[in-house]
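Working notes, structure below.
The values are calculated or read from the model by the stated rules, or taken from the named source; none is laboratory data. Not measured: the values here are computed from a predicted model. Neighbour counts run over all protein chains shown; Cβ positions are idealised from the backbone, glycine included.
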Amino acid sequence: MTKTDVNLAVDIGGLTISNPIMPASGAFGKGMEEFLDFNLIGAVVPKSITKYPQKGNKNPRACETFGGMINSIGIQSDGIDKYLNHTVPYYQQYDVPLISSISAESVEEFEEMSEMIAGSPDVAALELNISCPNLENNGEAFGMDEDITYEVVHKVRQITDKPILVKLTPNVTNIQKIALAAERGGADSLVVANTLLAMAIDIHSQQPKVGNVMGGLSGPAIKPVIVRQIFQVREVSNLPIIGCGGIMNADDAIEMILAGATAVQVGTASFVNPSVMKDMIEGIRAYMEQYQYQTIYELVGKTMDRI
Amino acid sequence: MTKTDVNLAVDIGGLTISNPIMPASGAFGKGMEEFLDFNLIGAVVPKSITKYPQKGNKNPRACETFGGMINSIGIQSDGIDKYLNHTVPYYQQYDVPLISSISAESVEEFEEMSEMIAGSPDVAALELNISCPNLENNGEAFGMDEDITYEVVHKVRQITDKPILVKLTPNVTNIQKIALAAERGGADSLVVANTLLAMAIDIHSQQPKVGNVMGGLSGPAIKPVIVRQIFQVREVSNLPIIGCGGIMNADDAIEMILAGATAVQVGTASFVNPSVMKDMIEGIRAYMEQYQYQTIYELVGKTMDRI
Amino acid sequence: MKATSNLKVLSNKQLSRRYWHMAMDSSSIDEKIEPGQFFNIQSADNGSYTPLLRRPFSTFRINENSLEFLYKVEGPGTAKLSEYTPGDYINLLGPQGVPFSIKEGTDKILLLGRGVGIATLAALAQKAFNQGIQVYAVLSARSHDDLLAAEALKDYCTEVVHVTEEEQTSGVDNVREIMNNLITFYQIDAAYTCGSRRLSVLLQNIIKERNIDGEVALEEYMACGVGVCYSCVCDVVRNNTVYSVKSCEEGPVFPIDEVVFA
Amino acid sequence: MKATSNLKVLSNKQLSRRYWHMAMDSSSIDEKIEPGQFFNIQSADNGSYTPLLRRPFSTFRINENSLEFLYKVEGPGTAKLSEYTPGDYINLLGPQGVPFSIKEGTDKILLLGRGVGIATLAALAQKAFNQGIQVYAVLSARSHDDLLAAEALKDYCTEVVHVTEEEQTSGVDNVREIMNNLITFYQIDAAYTCGSRRLSVLLQNIIKERNIDGEVALEEYMACGVGVCYSCVCDVVRNNTVYSVKSCEEGPVFPIDEVVFA
Ligand SMILES: Cc1cc2nc3c(=O)[nH]c(=O)nc-3n(C[C@H](O)[C@H](O)[C@H](O)COP(=O)(O)OP(=O)(O)OC[C@H]3O[C@@H](n4cnc5c(N)ncnc54)[C@H](O)[C@@H]3O)c2cc1C
Ligand SMILES: Cc1cc2nc3c(=O)[nH]c(=O)nc-3n(C[C@H](O)[C@H](O)[C@H](O)COP(=O)(O)OP(=O)(O)OC[C@H]3O[C@@H](n4cnc5c(N)ncnc54)[C@H](O)[C@@H]3O)c2cc1C
Ligand SMILES: Cc1cc2nc3c(=O)[nH]c(=O)nc-3n(C[C@H](O)[C@H](O)[C@H](O)COP(=O)(O)O)c2cc1C
Ligand SMILES: Cc1cc2nc3c(=O)[nH]c(=O)nc-3n(C[C@H](O)[C@H](O)[C@H](O)COP(=O)(O)O)c2cc1C
Ligand code: FES
Ligand code: FES
């Protein structure tokens, strides 16, 4: 048996990446380059940026739950100017596309920020974090409403030809409708998904374990919910899906690809092991060699055919 | 320090139970009485019943995920006649109230079944499982829609004065709205909540791990999502809440009570340890003695005051 | 009131690449344990919930004061089991379920086991042997290495035939021929199987043709093991009606003629 | 490229009711480890994710080829740590963070530690002692039992004062008086603290009044330990501006005058 020639490259809506493994926004950045050669991963995705500098939420900002963690970091950010002047140039030393995650508080702010970010020749694609609270709608996340999702994406679509990734929130009754709204709005790719809204209480202090009362649940606990949502989105949309939520190893990444993802993002796992993305890439390659697949595309959504 | 006199009794919407621990429907029944004295728990809650006998879903019907399990049992049921003639009488040997969980495929069927069940003098309360698929609405769960939730509860309310517990689905954008719809409809108590819709794939066979493709995620993995939803429901509704999802021990039960629950239901934990509910009751008592609480009510929703 | 039991591990040894053998002190269990019954074993340390659920295992040998299990490392549960060392305690729920039955007057039985299903049949072989019944066995596995684990069985058997993929002897046709020859030659009264859907269907056909008794031990996915969750159901035909029954309660051993193999 | 290290446990002993001491073979770590730095330790077995995240611990003693940690069993992470036995391997990420600094010409330092914060100061005491600096310490804890764990510290200290709730000596006023007396009497050059917000605020005031140097090792909740997650932030004032900085990166040791204690 000769070794299969494995090609890990995928296209995620106009952007070709060398392999399907990239970091999840907020769980990656300077500090990790000491443990991971950033040139190995499909793309770099720094933490979501806000227009103005802001501090984020009060401490404690994270706690552990069974198989997961709740974070209520909020978006601690130095603002878009510093992002364009420092963060973007910093990643130029690496040979992989930079995807900029944008958090905004209104549709207009999404437009403004997208214009500024897309204007940078060094940014390969935009990721719209529509899970963040929309101040014009009682702080409910943009991504919880079909129409608002459509509006945000549609407006940003007018501004740039660069690939637009839309990061959905999983905290919705019907993710298919939101996915289709994003698709109609002009999204090039859908990130499925952000964290599950969650809460934990210390029964001795009787207080919430994170300062902001509620936060986002990530880690292996949420993977089955995310795999389901990927599968559901794949059922209705042809956009490339980027799976995200609870991927700890190559097997988890493969599971999401089989469910319908073209690529995946890795968050919490990097806290456990900052070089884990490298292991994942190797693991996917080994799986493809074992089962003689040549391209990732042979695996994308394959479970649908097996039912 | 003298020992506090601890009273564990609570009222869950017109039904007084001796302590806040009861089983979750589908994770309890004959077979467990060998391991647990049913007279110790607050209530007995047999598996949801359907009108006609039905087989449930195809095998495999369950699989394990990190910190959780996915079940796609479906409602395997012998039908309401056998329920009334066998199940209800069986539980008469125990001295605790019987709560009957009802699954129906249409609003009308909920009415019919509630009428029959409420007609039995041996049934203390009804639990409406509105997480089950509504055949009149593309199989989307009743509990995913405010209006339908209102309608189901409202119609059943006309039929009986017995306490109506409404078991919400957690798979919604805004659980507060659904909770309020149930309250307006006339619910006496809200069970928060059923399982998270989920999926897992075996990467070697590339097939879903449960026969029905998707199923419900239960177990410790989901607890932080449920605690959050209890807290949210408590913010808007005065109905007693019954917390359910991921409770493994007394501490988890106390956490849900602090978040706003008056009582709790225990599912998956009983598979791990069929006598666990007894330990939970003892654990709650010990906590109350330690911190000198006399009634559960001093704990219900206390975290809200601590913020 | 029943309770789960914390049993002390007496030994836990690797037999071949994926097969392990564990012995536990069962002197605290009063109930009689019969071949074919199972224990729902909590492989996780108390309170660690990793893995979360118990895993069902039938007994490999039942001794006066100890129990033996033969298990194959598959995933997290069995991997965790393999980490225990003598002196550790493991929590077991059981014995559960309906055991194999041996009819009054049975002289010769035939076992048809595949893979880890052989473990389940071993306890039956032991019991039959002790009752003076002659035991014959056809054991099937991927490789000879997998059969190593079943060496112990031969102490109780008059004759053991091994078939493997490795040697290309495990095809259904070949097994049918071997079975039929054994049944004819030794005048087998009853046959028992475990571990393979394909071989169960084969045995179902053979017992009909040959008009002997037969039982199968199913291995459906189980969550609770106590009859409340409905994970473990299988279809059986009784009086021409199909029933869905819980295999942890009405099984795992069933008369093979009534089982509908999906 | 840095990597996490699998270090062999040399010993792991319970010192008092909740305090444990662990020594690990650190000969594979090339980087110099300085007092005040921390390791983000994976208490879970590889791949078990129970608990999921690493836990940060500063070094208690730094030796030529080994590292010692003093830890208090709090929850699942430290409970898991206490289960390891000599010969086991544990995965560590580090050394991370900014260590304590000792200014050129320092003769006498004063440590103010509370609870498990004493562990963090111990490594500093060791280093200072080895440089010929005289070390004084005020150690605070709930009970004497908790201070047992810190016995080792006295090898490096000229004088150690213990205050406890048990003996009602740990009130801020009493500690202030003790500190001030020591500073006056021994002409302390710099003071260091860890383990208590209340005592940190006290030391912040003292160093201002007495015009000596001071540092604090913070113990903010950390998830990544490598500066990417923003869990561990604290506020510092620099040039009259408040900055929110990551304590895993710019700390955990900070000049005490710049920290805003929330
Ligand atoms: C009545 C009965 C008796 C059994 N006796 C033995 C025995 O003597 N020796 C032995 O090695 N194995 C036996 N098994 C099979 C054994 O239960 C599974 O191999 C084990 O549960 C696998 O768990 P895991 O975590 O290692 O692997 P997983 O990765 O969880 O699963 C691996 C495979 O085992 C199956 N499995 C997992 N959990 C269960 C479960 N709770 N119930 C049934 N199947 C499951 C899965 O469907 C999958 O095919 C028996 C099963 C049953 C139902
Ligand atoms: C830089 C630094 C150095 C430390 N050095 C030591 C030491 O030498 N000895 C020692 O015993 N402890 C030390 N700690 C504290 C130690 O990290 C926690 O006690 C430990 O993480 C508790 O984990 P657990 O799972 O046992 O308890 P949990 O139940 O998870 O938590 C118990 C308490 O510890 C805190 N804690 C939990 N996880 C973390 C975390 N990742 N970061 C910070 N705090 C956390 C929680 O907020 C809670 O108050 C240090 C902490 C930091 C930040
Ligand atoms: C500490 C932390 C910070 C995060 N910050 C952001 C963020 O700024 N923007 C965003 O879109 N998602 C953010 N997320 C969500 C992650 O990108 C990811 O969607 C989530 O963690 C699920 O993936 P995981 O289970 O692999 O961690 C954050 C997650 C964590 C744990
Ligand atoms: C095997 C299984 C069967 C279930 N069957 C039902 C059911 O028939 N009706 C119902 O309302 N909920 C059913 N549930 C959901 C449980 O009642 C409960 O809401 C859920 O398991 C979450 O609680 P847990 O994490 O404590 O298990 C079932 C859950 C499991 C695991
Ligand atoms: S395993 Fe739960 S009913 Fe059989
Ligand atoms: S612990 Fe993650 S940034 Fe400091």
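Details
- Yes/no for residue D:194 being buried (at least 21 other Cβ atoms within 10 Å of the Cβ), more than 16 Å from ligand 5 (Cβ to nearest atom) and within 14 Å of chain A (Cβ to nearest Cβ): no
- Pairs meeting the criteria (first residue in the stretch C:55-70 and farther than 19 Å from residue C:114 by Cβ, second residue aromatic (Phe, Trp, Tyr), beta carbons under 6 Å, at least 6 apart or on different chains) are C:68/C:60.
- The set of residues in the stretch D:173-191 that are in contact (Cβ under 8 Å) with a residue 12 or more places away in the chain and surrounded by 13 or more Cβ atoms within 10 Å (Cβ to Cβ) comprises D:175, D:176, D:178, D:179, D:180, D:182, D:183, D:186, D:188, D:189, D:190, D:191.
- Scope the stretch C:133-164; condition under 15 Å from the mean Cα position of the chain (by Cα) and of a type in the set (Ser, Thr, Tyr); matching residues: C:140
- Note on the stretch C:73-90: residues that are farther than 29 Å from residue C:214 by Cβ and part of a loop (DSSP other than H, G, I, E, B) amount to 9.
- Screening the candidates D:70, D:93 for the property of being more than 14 Å from every other protein chain (Cβ to nearest Cβ), in a strand (DSSP E or B) and either more than 16 Å from ligand 4 (Cβ to nearest atom) or at pLDDT below 95 (or both) yields one hit, D:70.
- Across the stretch D:96-121, the qualifying residues are those that are in a loop (DSSP other than H, G, I, E, B) and β-branched (Val, Ile, Thr), and the one among them that is farthest from residue D:44 (Cα to Cα) is D:106.
- Look at the stretch B:227-252: where a residue is at the interface with another protein chain (Cβ under 8 Å from one of its Cβ atoms) and a partner is surrounded by 20 or more Cβ atoms within 10 Å (Cβ to Cβ) and aromatic (Phe, Trp, Tyr), sitting 6+ places away or on another chain with Cβ atoms under 9 Å, you get B:246/A:66; B:248/A:66; B:248/C:49.
- Qualifying residue in the stretch D:124-136 (condition: of a type in the set (Gly, Ala, Ser), in a strand (DSSP E or B) and buried (at least 17 other Cβ atoms within 10 Å of the Cβ)): no
- In the stretch A:204-218, residue farthest from residue A:282 (Cα to Cα) [restricted to those that are surrounded by 24 or more Cβ atoms within 10 Å (Cβ to Cβ) and touching a helix residue (DSSP H, G or I) at 6+ places or on another chain (Cβ under 8 Å)]: A:208
- Residue ID - farthest from the other protein chains (Cβ to nearest Cβ), chosen from residues in the stretch A:187-203 that are buried (at least 24 other Cβ atoms within 10 Å of the Cβ) and out of contact with any helix residue (DSSP H, G or I) (no Cβ under 8 Å at 6 or more places or on another chain): A:189
- Residues of the stretch A:57-101 classified as more than 16 Å from ligand 2 (Cβ to nearest atom) and either within 21 Å of the chain's Cα centre (by Cα) or under 20 Å from residue A:113 (Cα atoms) (or both), total: 27
- Filtered residues of the stretch A:290-307 (kept if over 16 Å from residue A:259 (Cβ atoms) and more than 14 Å from every other protein chain (Cβ to nearest Cβ)): A:294, A:295
- Filtered by the rule that a residue be within 14 Å of chain B (Cβ to nearest Cβ), part of a loop (DSSP other than H, G, I, E, B) and on the phi < 0 side of the Ramachandran plot, the stretch A:51-76 gives A:57, A:58, A:60, A:66, A:72.
- If the condition is being within 7 Å of another protein chain (Cβ to nearest Cβ) and either surrounded by fewer than 24 Cβ atoms within 10 Å (Cβ to Cβ) or within 16 Å of ligand 2 (Cβ to nearest atom) (or both), then the stretch A:4-29 contributes A:27, A:29.
- Residues of the stretch A:241-256 that turn out to be in contact with a strand residue (DSSP E or B) (Cβ under 7 Å, 6 or more places away or on another chain) and part of a helix (DSSP H, G or I), as a count: 3
- Filtered by the rule that a residue be assigned to a strand (DSSP E or B) and either touching a residue at least 24 places away in the same chain (Cβ under 8 Å) or in contact with a Leu (Cβ under 7 Å, 6 or more places away or on another chain) (or both), the stretch C:192-251 gives C:192, C:193, C:194, C:213, C:214, C:215, C:216, C:217, C:234, C:235, C:236.
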